[in-house]
Amino acid sequence: MIKRPIGILDMGIEGFVLLQSLRRKFIYEDFIYINDIDNYPYEGKEEKEILSYVKDKVAFLLSYDIKVLIVVSDTIIEYCEDYLNSLDISVINPVHEINKEVSRVYEKKNMVLLARKAILDAKMYQKYFVYNHLYNLPSDLLNDILDKGNIKTSLSFDLTKQVLKPVLQRDLDIVIISSLYYILLKTEISEYLDNIKILSTDDLIIKALKQEKIEFETTKKGKTLVFSNYDEKEFRNINRWVISDYNYMKLT
């Protein structure tokens, strides 16, 4: 019987962190990951243009007969949620999973929302939270160091402290990180917000995936196909902190 893979759609490269977590949890599953570096970032582009990019990448994934689609980028969800909801396969939406978990467990708590400024301005999360205090922290500086793979360095600690500075003396219950990318900075965040819960988005997606009515594989270790516009050497260098055993194909 031919395996049907799990598809992962990304805008940048932050979803690669999720891919690592999924492969550890579902060792027999095949995965197909694709991003859209050529058109990154989507912010500032027309909605029709963004939708065309996303439709193109979704069609590519569907050509591999994926059994479920995981959309990593909150920007894609912001502009294309209606389209994604119209698909004939199950779509896992991390924005929805975060909002659901925060509402279920952390109602009326003191929250930090760590997200790029464009996401904060779009209020994709805040309008669903019921909180005591909510601190919105733009995290764009962190994306720059992550894109260069500068993790667990003096620079990463310094910039993380700079981003978190407005809440360092606050009474907090939870840090909500909108991008899976920031999981790579968990050590840095914990250094300055010790004993504060960091919401693990990858765990939420794993939970959501388990709840889907799909047949999971039980034999033969799975394989991973990665598609991106990066040169392979550059892509592997940026993602050297995560998995390395995958087949890479450059999009043209």
Worksheet entry | Residues of segment 92-129 that turn out to be part of a loop (DSSP other than H, G, I, E, B), in contact with a helix residue (DSSP H, G or I) (Cβ under 8 Å, 6 or more places away or on another chain) and not basic (Lys, Arg), as a count | 4
Worksheet item: In the set Tyr40, Tyr79, which member is among the aromatic types (Phe, Trp, Tyr), farther than 21 Å from Phe227 by Cα and out of contact with any strand residue (DSSP E or B) (no Cβ under 6 Å at 6 or more places or on another chain)?
Response: Tyr79
Discussion item. Report every pair of residues separated by at least 6 positions or lying on different chains whose Cβ atoms are under 8 Å apart, first residue within segment 147-175 and farther than 30 Å from Tyr230 by Cα, second among the basic types (Lys, Arg) and not in a helix (DSSP H, G or I).
Written reply: Asp173/Lys109; Asp173/Lys197; Ile174/Lys109; Ile174/Lys197; Val175/Lys197
Discussion item. Among the residues in segment 137-152, are any closer than 30 Å to Glu234 by Cβ, of a type outside the set (Gly, Ala, Ser), at pLDDT 95 or above and part of a helix (DSSP H, G or I)?
Written reply: no
Discussion item. What are the pairs with Cβ atoms under 6 angstrom where one residue, in segment 115-136, is modelled with pLDDT under 95 and the other, located anywhere, is part of a helix (DSSP H, G or I) and surrounded by fewer than 17 Cβ atoms within 10 Å (Cβ to Cβ)? Sequence gap at least six, or different chains.
Written reply: Arg116/Asp140; Lys117/Asp140
Practice prompt. Return yes when Ser179 is touching a residue at least 12 places away in the same chain (Cβ under 8 Å), within 30 Å of Phe26 (Cα to Cα) and polar (S, T, N, Q) and no when it is not.
Written response: yes
Worksheet item: Among the residues of segment 220-232, is there at least one that is without any contact (Cβ under 8 Å) to a residue 24 or more places away in the chain, more than 27 Å from Phe129 (Cα to Cα) and in the same structural domain as Asp56 (by TED's automatic domain parsing)?
Response: yes
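The values are calculated or read from the model by the stated rules, or taken from the named source; none is laboratory data. Here the structure is a predicted model, which means the values were calculated and not measured. We place every Cβ from the backbone using ideal geometry, glycine too, and count neighbours over all the protein chains shown.
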